[in-house]
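What follows draws every value from the coordinates through simple rules; no lab data is involved. Not measured: the values here are computed from a predicted model. Please note: Cβ atoms are built from the backbone with ideal geometry, for glycine as well, and neighbour counts cover all protein chains shown.
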Amino acid sequence: MFHRTETVPVKVGNLTIGGSNEVIIQSMCTTKTADVKATVAEIHRLEEAGCQIVRVTVNNKEAAAAIKEIKKQISIPLVADIHFDYRLALQAIENGIDKVRINPGNIGRREKVEEVVKACKARGIPIRIGVNAGSLESHLLEKYGYPTPEAMVESALYHIGILEELDFHDIIVSLKASDVPMAIAAYTKAAAAFKYPLHLGITEAGTLFSGTVKSAAGLGALLSMGIGSTIRISLSADPVEEVKVCRELLKSFGLITNAATLVSCPTCGRLDIDLFSIANEVEAYISKLKVPIKVSVLGCAVNGPGEAREADIGIAGARGEGMLFRYGEMIRKVPEAELLSELKKEIDIIVDHFEKTGEIP
Ligand code: SF4
């Protein structure tokens, strides 16, 4: 898997986005930011699912004030999402935010931009420029007629230019569109046009089902080209689902080292066990593991041993029972009713060994 390493590394709290670092998973809170209790609870759920950076909307003074308390109660970097109002950016920075998402060209007078940049510089806080096909600057819409990938990249370069003029370079850029081909073209052109790390996303992608497919299509195409240093999937769903989709997508490209993978068959007429419920339960069981274990759940002995050879642990069903495999070797037969619990026990043994030694046995 090619991973683009020629981007400039940018520090966000205790993490670094870009350079040769892993693609960082992000999500965004759905709570009112001023509701500290609800926001912290959501961030903890996101972190447990594997979210590495979380963004909150800062749309009023109460939200900016809440950042101080939220920061005390979480351990992953926090990003403030700000539109237009530079005073909210200053207040968020003052309260300990780790990154600001704001477009310098939308802040207004030069002195206001300078103030935000000065505050970010003083605290080592990066700025994400968030270009969105749906809200391009009017001069670009006049020039291009409608949103195009070229207009999006020109918008990014316009905002980058403002920051560079002020000798500010801790920049991350996103170029989001809900149209998949447009987003792919915009990110591809941006990757060729500048070296700042790219934050990938398909905006307003849709519900859990359609949004997952759309995001996987667009962001998968980009990741396969080695483009993207951080990623957020936008779904009309619980944001924990966004994190799960991010992790699955990165796994598909070998871009995540601390996640468990499930291989399961689609089933066919040979099936003699209740495979769907076993596969779903195993998926839920391993979804939060931070261990690079591969588990296979196959319906019968036709492909079971072959797939299990590639996995660390696996099962293949038979009539009323199943075979447990470790690295392709059958270790024992188990009645169907005990198949799931026995597989979980074997997974626990591998996880335990990994946690003690850092290696899969
Ligand atoms: Fe069918 Fe067996 Fe293949 Fe599953 S593993 S699809 S049950 S042949």
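Worth a mention:
- If you plug the beta carbon distance of residue 135 and residue 16 into 1/(1 + (r/R0)^6) with R0 = 25 Å, you get a FRET efficiency near 0.30.
- Cα gyration tensor, region 195-282 - rounded (a/c under 1.5), prolate or oblate: prolate
- Between the exposed loop cleavage positions of the chain, defined as trypsin sites (Lys or Arg not before Pro) in a non-H, G, I, E, B DSSP state with at most 14 neighbouring beta-carbon atoms within 10 angstrom, the longest gap is 1-108.
- Principal-axis tilt of helix 149-165 within the chain, Cα atoms, nearest 10 degrees: 60 degrees
- Diffusion coefficient, µm² s⁻¹, Stokes-Einstein with Kirkwood Rh over alpha-carbon pairs of region 141-261 at 20 °C and 1.002 mPa s: 142 µm²/s
- Pairs exceeding a 27 Å alpha-carbon distance, out of 11/294; 37/356; 68/118; 11/71: 11/294; 37/356.
- Multiplying the residue separation of residue 217 and residue 44 by 0.36 nm and removing their Cα-Cα distance gives an extension gain of 59.4 nm.
- Amide H within-cut-off set for residue 35, under 5 Å, with H built and near neighbours excluded: none
- Based on the reciprocal of the average 1/r between different C-alpha atoms, the Kirkwood radius for region 230-325 equals 14.3 Å.
- Kirkwood hydrodynamic radius over Cα pairs of region 16-144, then Stokes diffusion coefficient at 10 °C and 1.306 mPa s, in µm²/s: 103 µm²/s
- Between residue 150 and residue 261, the simple spin-label model (points 7 angstrom out along Cα→Cβ) gives 4.1 nm.
- q = 0.06, 0.10 Å⁻¹: log10 I(q)/I(0) that the Debye formula gives for the chain, counting C-alpha atoms only: -0.27, -0.68
- Phi-derived couplings, Karplus 6.51 cos²θ - 1.76 cosθ + 1.60 at θ = phi - 60°, listed residue by residue for region 53-58: 9, 10, 10, 10, 7, 10 Hz, with x used for Gly and Pro.
- Rough spin-label spacing in nm, given labels placed 7 Å along Cα→Cβ, for residue 284 and residue 143: 5.3 nm
- Cross-link partners of residue 143 among aspartates and glutamates (Cα-Cα below 16 Å; sequence separation of 8 or more within a chain): 154
- Whole-Hz couplings from phi, Karplus 6.51/-1.76/1.60, listed for region 11-24; x for Gly and Pro: 7, 10, x, 8, 10, 10, 9, x, x, 9, 6, 4, 5, 8
- Across 214/345; 121/290; 32/176, pairs whose alpha-carbon gap is larger than 30 Å: 214/345; 121/290
- Gyration tensor (alpha-carbon) shape descriptor, region 234-275, a/c threshold 1.5: oblate
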